[in-house]
Each structure stands twice: as C-alpha cells, then as structure tokens.
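The values are calculated or read from the model by the stated rules, or taken from the named source; none is laboratory data. Quick caveat, the model's predicted, so the values are computed rather than measured. Cβ sites come from the backbone with ideal geometry, for glycine too, and all protein chains shown count toward neighbours. When the accessible area is computed, the model is the full protein with side chains, heavy atoms only, and any ligands, DNA or RNA have been set aside. Shrake-Rupley method; radii C 1.70, N 1.55, O 1.52, S 1.80 Å.
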Amino acid sequence: MNNKIPPPIVTLTFGLFIYFTKSLFPAFTNGLLSILSLISLLIGLSILISAVSSFKKQQTTVNPISIEKASSLVVTGIFKYSRNPMYLGMVLILLSISFKFNLIGGIALTMLFAGYITKFQIIPEEIVMNKLFGDEFEKYKNKTRRWI
C-alpha cells in the first residue's frame, strides 16, 4: 500500500484541527451537545475495542499500514455490520470532539476525514484484501457495507 500515515495519526490530526479551528466558527454550547459528545465517544471507543478484539481473536494483524500481512479475513462480531468498524469508531470519536468544541467546523472536518480515509486507506486496503482473499472477500464485500 502507498499510504504510510497510520489512521490513528490522521484521526489525531483531524481532532486537533477540529479543536483549534473552533474560533473560526460560531460557538454552540448546551447540555444536549455535551450528552451527544459523551455518547458518541463511548460508542466510538466501544466499536474500536470490539474491532481490535475481533482481530486479536483471529490472530491477524491490526496494522493498517501492513495490511498485506493479514492472515485471515475477519467477518464476525462487529465486522458483520461494517467492513471498517475501526474507521467508523474514529469518525464517531471525531464527532464527539465536534459536538463538544466545534459543531459546524467539526462536522465538516469529520466528513473530510471520512472522505480521506475512504480514498487513501479503505480503497487501497480493499484492493489488497481482494488479492489476498479473492472470492471470500468479494462475498463479504457484497454482503456487508463499507461503513454502516
């Protein structure tokens, strides 16, 4: 794969942009946004932990930079509902930061993150997965959505 920037670093970068651009957008603060922020954070972390746990159970690599080292295709657990639950978890964490600190700019940057991750991480991963697992991956891809 050509992408050498680990997705957690990309997520951290976008999270910092969301936070540090808050002065450029109108501020919205209320209890509902704080509650949505907490809920989004908890769901995002739960999805991430569940996905990593599924990878560990099947004893395959979690490293998105070395996807070609994958020893098995994970299609159970959270992966029954999303082909990319780790990235989904990252989006929810970015939305959590957005709800708390920068609603308008944060949502825009989160959408930009989703587009970036799709183009530069998910699509290249899918090409490698197709080479590694062929028909098994095609069947999974046809049955399970990319995000949710």
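In table form, for the structure just shown:
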| read-out | value |
| --- | --- |
| Subset of segment 132-148 that is in contact with a helix residue (DSSP H, G or I) (Cβ under 8 Å, 6 or more places away or on another chain) and in a loop (DSSP other than H, G, I, E, B) - its residue that is surrounded by the fewest Cβ atoms within 10 Å (Cβ to Cβ) | I148 |
| Residue, nearest to S82 (Cα to Cα), within segment 119-131, restricted to residues that are of a type in the set (V, I, T) and open to solvent by 30 Å² or more (accessible area, probe 1.4 Å) | I123 |
| Enumeration of residues in segment 56-73 that are under 13 Å from E126 (Cα atoms) and in contact with a helix residue (DSSP H, G or I) (Cβ under 7 Å, 6 or more places away or on another chain) | P64, I67, E68, A70, L73 |
| Subset of segment 30-55 [in contact with a Leu (Cβ under 9 Å, 6 or more places away or on another chain) and over 14 Å from G89 (Cβ atoms)] | L33, L36, S37 |
| Qualifying residue in segment 27-45 (condition: among the aromatic types (F, W, Y) and modelled with pLDDT of 95 or more) | no |
